[in-house]
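Asker: My questions all concern the structure below.
The values are calculated or read from the model by the stated rules, or taken from the named source; none is laboratory data. Treat the numbers as computed from the prediction; the structure is a model and nothing was measured. No Cβ is skipped: glycine too gets one built from the backbone with ideal geometry, and neighbour counts run over all protein chains shown.
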Amino acid sequence: MPEKTPLTFRRVLALILAFLMFCIAGGAVATGFFLPAVFGANTVTQGLTSTLKPEDLNFDLADLPQQSRMYASDGKTVIATFYEQNRIIVPLKDIADVMQKAVVAREDHRFWEHTGIDPQGIARAFVQTYVKKGDTQGGSTLTQQYVKNILIDQAIQNDDPIGAYHAQEETIARKLREMLIAVELEKQYSKEEILQGYLNIAQFGKNVYGVETAAQHYFSKSAKDLSLVEAATIAAITKNPANFDPTVNPEESQHQRNITLDLMSQWGFVDKKDTDEAKKIPIADTLHVQDVPVGCQAAGNAAYFCDYALHQIENSKEFGKTLQDRKNLIRRGGLSIYTTLDINAQNAAQDAIESYLPTTDPSGYESILAAIKPGTGEVLAIAQNRIYDVSGSDPTRTSMNYAVDRVDGGGMGFQIGSTWKPINMVAWLQAGHSMNEYLPTTTNYPLSSFPDSGGNEVWHVTNDSGGTVNPETPLNGLNQSHNTIQASMAQRIGLRTIANTATALGFHNGDGTDISKLPSYSPTMVIGTMNPSPLTMANVYATIAANGVACTPIALTKVTNSTGKEFKVPSADCHQAIPPNVAQSTAYAMNLNVTKGIASPAQLSGGRKTFAKTGTNEQTGLTTGGFVPQVSAFSVIVDAENPNNGIHGNINGRYYSTWYGLYLALPTWKKFMESYLAAANIPADNNYGTPDPALTAFSNKTASRSTTQQNQRNQTNNQQQNQANTQNH
């Protein structure tokens, strides 16, 4: 590299030539502006450079807008890409030498010789443009073009459209400003640093910024691997990104590529025989175009998980003080976002949903499934039978993520019916009771008989088959999904106790309501009238599956920016929420619901111990939740847009006069579990679900036959007198 010297004479000559060129173009006004430059170049230069210094601009490549990428849990599979400017920053050592030479030959072949402005180049441009009347040439050096790009970019980032306009308008002031900054820039930065900056900031096509992105887009390779013909193609584009893009105008692109090749040999960068051979290659034969679609909308079946992961960033102040700061970071910050998404789980979830309720099914009902890894909080999959689309142009498209809470891009949650009942069991056991304790039941429960409720009304409730079983144990009530026993349990331990237990397990409503802080409760909560999201319920079941360890659902494992800075991601905050013996005993009861209860179709293959519960919410929602120790999942079928309409009629070519979670949600849940466990090669763990003998002990077993029969007759009379509220199967 040549030694850097002030070269005052060259600077003055450059200003004089600039004055002549712009004087002809701009008339008297230009003359008046530039007279000081002609008669006192050094003084003017010193005056302007005192307020126009490189340190006033940000030349840090890491601060250029560049694409962010979201990865699956394998750390390699790209789920989605986000950008305002599609750019990947790379150091000069990772850019092929032939690419560096192509850009220098095309833009500024004297780049390694001048000191920021090129008097010869300006003179040549002046003669070509105004003496020979040829094509208009500006005489800008590559350093000046780098300065121009920086000025434009920083004005855009500062939401300064006026500044962006002035940074590129064809005026004497702008040109002189660029010259002065370029001269000062070359005092502070090496030629290699300036070339590196230019190659990373320049535009190489529509929404293609930087040479690495260009190489990947046009040739599906990295910039370090570019060939001569590929480098010449890319180098030519920046002259006119809209018209010289080979995917838009291949004929003109090839012509411009060949011009670049000729310049490379003309200026001695490459042998002429090599460029002549390269010119013979049709440009179409060199292209291997790879588009980089932007956002979650391009994430395929992982789109709703992608949306959830983005909300975890947008909701965390670790990524910026304001929501807009966080969104800007995602679109500009060059983030590497590593997530918990398991590709096998996501594929299995989407396949299960589409198998039983396709996106295009005429019923229009939504099928939603969420899966979590117990003991970690890691969300494995989120799926629904909709196409992720922010425009929501038809009923099959929406950006509403029904699997998650409202704050995470979802809705208000759904009533879940009998899949709530394992929560009652946990509360019952944690209060010191046995699941085999016999309780008297009825179909009429005064609200005043429930702790933490009130009023003079009577709650009329029956089991799905009508009436009740009296007396009955909580275990039998869970296995047969009976309602009246749930009410009897709540009378004894209190509704607030159940609400506190639910909260400890990880429960909250879809709108974020912490139900443990409600002033009072309706006893109907014990048969599933709260409104959680499917992900919340998958997480509640995960707590039971993890020996009582509750975690906050997480989608992020690590987030770094382009410089390697690591951001603090939301914590799963795993902790012992309920005693292990209570979790294991509840799991035991849920397994009996499969082996001896109404959820027998949930039994997984190979003798794998299965824990599940089905639910139906007054025909407005069908649910099934369940787990094995390594995976917890929850499935919901609902008319999400009109949740009061009910589930009825023909669904996926099948008709039932009455639909239950047993029919539709359960098969969806089971298909997901079978497919994922097989694909991920997860071994069976049949040791889980060992009950505490104290929590399964029988008591009050001597209730008289006559008393039982009389109570059953009373319940039959009650059934005939009252309208039952059922939350079953």
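Asker: Please give the helices (runs of 4 or more DSSP H) falling wholly within the stretch 389-499 in which 1 or more residues are among the hydroxyl-bearing types (Ser, Thr, Tyr).
Answerer: 484-493
Asker: Pairs please, first residue from the stretch 501-514 and farther than 17 Å from Val549 by Cα and touching a residue at least 24 places away in the same chain (Cβ under 8 Å), second anywhere and hydrophobic (A, V, I, L, M, F, W, C) and buried (at least 22 other Cβ atoms within 10 Å of the Cβ), Cβ atoms under 7 Å, 6+ apart in sequence or on different chains.
Answerer: Here the result reads Asn509/Met530, each pair linking the stretch 501-514 to a residue that is hydrophobic (A, V, I, L, M, F, W, C) and buried (at least 22 other Cβ atoms within 10 Å of the Cβ).
Asker: Follow-up question, since we're still on this one. Would you be able to tell me the number of residues in the stretch 349-387 that are not in a strand (DSSP E or B) and not small (Gly, Ala, Ser)?
Answerer: Looking only at that region, the number is 16.
Asker: For the list (1) of a type outside the set (A, V, I, L, M); (2) out of contact with any strand residue (DSSP E or B) (no Cβ under 9 Å at 6 or more places or on another chain); (3) surrounded by fewer than 21 Cβ atoms within 10 Å (Cβ to Cβ), I need the number of the one condition that Asn463 fails.
Answerer: (3)
Asker: Give the stretch 193-238 a look and list any residue that's part of a loop (DSSP other than H, G, I, E, B) and among the polar types (S, T, N, Q), or say none. Working first, answer last.
Answerer: Going residue by residue through the stretch 193-238, those that are part of a loop (DSSP other than H, G, I, E, B) are 202, 204-208, 210, 220-222, 226-227, 238.
Of everything in the stretch 193-238, those that are part of a loop (DSSP other than H, G, I, E, B) and among the polar types (S, T, N, Q) turn out to be Asn207, Ser220, Ser222, Ser227, Thr238.
Asker: Is it true that some residue in the stretch 285-293 is outside the structural domain of Thr141 (by TED's automatic domain parsing), in contact with a strand residue (DSSP E or B) (Cβ under 9 Å, 6 or more places away or on another chain) and of a type outside the set (Lys, Arg)?
Answerer: yes
Asker: Just for the stretch 77-105: of the residues that are in contact with a Lys or Arg (Cβ under 7 Å, 6 or more places away or on another chain) and more than 30 Å from Phe305 (Cα to Cα), which one is surrounded by the most Cβ atoms within 10 Å (Cβ to Cβ)?
Answerer: Ranking the candidates gives Ile95 first.
Asker: Further question on the same structure: Against the definition (crowded, with 22+ Cβ neighbours inside 10 Å, hydroxyl-bearing (Ser, Thr, Tyr), closer than 25 Å to Gly621 by Cβ and in contact with a strand residue (DSSP E or B) (Cβ under 6 Å, 6 or more places away or on another chain)), how does Tyr388 come out, yes or no?
Answerer: Against the criterion (crowded, with 22+ Cβ neighbours inside 10 Å, hydroxyl-bearing (Ser, Thr, Tyr), closer than 25 Å to Gly621 by Cβ and in contact with a strand residue (DSSP E or B) (Cβ under 6 Å, 6 or more places away or on another chain)), Tyr388 does not qualify.
Asker: Moving to a separate point now. Only one of Gly653, Gly649, Gly606 is out of contact with any Gly (no Cβ under 7 Å at 6 or more places or on another chain) and closer than 25 Å to Ala381 by Cβ; which?
Answerer: From the options Gly653, Gly649, Gly606, the qualifying one is Gly606.
Asker: Hey, another quick one. Would you please list the contacts, defined by Cβ atoms under 6 Å and residues six or more apart or on different chains, that run from a residue in the stretch 529-540 that is at pLDDT 95 or above to a residue that is among the acidic types (Asp, Glu)?
Answerer: Ser533/Asp405
Matching residues to (1) assigned to a helix (DSSP H, G or I); (2) closer than 14 Å to Lys239 by Cα; (3) modelled with pLDDT under 90; (4) under 47 Å from the mean Cα position of the chain (by Cα):
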residue	(1), (2), (3), (4)
Arg106	yes, yes, no, yes
Arg110	no, no, no, yes
Thr115	no, no, yes, yes
Gly121	yes, no, yes, no
Gln128	yes, no, yes, no
Lys133	no, no, yes, no
Gln137	no, yes, yes, yes
Ser140	no, yes, yes, yes
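Asker: In addition: Could you identify the single residue in Asn249, Asn200, Asn207, Asn240 that is closer than 18 Å to Pro282 by Cα and either among the polar types (S, T, N, Q) or modelled with pLDDT of 95 or more (or both)? Let's see the steps before the verdict.
Answerer: Numbers: Asn200 fails: closer than 18 Å to Pro282 by Cα; Asn207 fails: closer than 18 Å to Pro282 by Cα; Asn240 fails: closer than 18 Å to Pro282 by Cα.
Matching residue, one of Asn249, Asn200, Asn207, Asn240: Asn249.
Asker: Return the only residue of Leu329, Leu341 being closer than 30 Å to Ala640 by Cα and either buried (at least 24 other Cβ atoms within 10 Å of the Cβ) or under 15 Å from the mean Cα position of the chain (by Cα) (or both).
Answerer: One residue alone meets the criteria, Leu341.
Asker: Can you list the strands (runs of 3 or more DSSP E) found entirely within the stretch 585-662 that contain at least 1 residues being of a type in the set (Lys, Arg)?
Answerer: In the stretch 585-662, the matching strands (runs of 3 or more DSSP E) lie at 611-616, 654-656.
Asker: For the stretch 523-550, how many residues meet the condition of being within 17 Å of Gly510 (Cα to Cα) and touching a Gly at 6+ places or on another chain (Cβ under 9 Å)?
Answerer: The total comes to 14.
Asker: If you go through the stretch 393-449 one residue at a time, how many are basic (Lys, Arg) and modelled with pLDDT of 95 or more?
Answerer: 2
Asker: Filter the stretch 503-522 down to residues that are in a helix (DSSP H, G or I) and among the hydrophobic types (A, V, I, L, M, F, W, C), then give me how many there are.
Answerer: 3
Asker: Residues in the stretch 548-600 that are touching a helix residue (DSSP H, G or I) at 6+ places or on another chain (Cβ under 6 Å), modelled with pLDDT of 95 or more, of a type in the set (S, T, N, Q) and more than 20 Å from Val631 (Cα to Cα): how many?
Answerer: 0
Asker: Got at least one residue in the stretch 419-428 being hydroxyl-bearing (Ser, Thr, Tyr) and farther than 22 Å from Gly621 by Cβ?
Answerer: no
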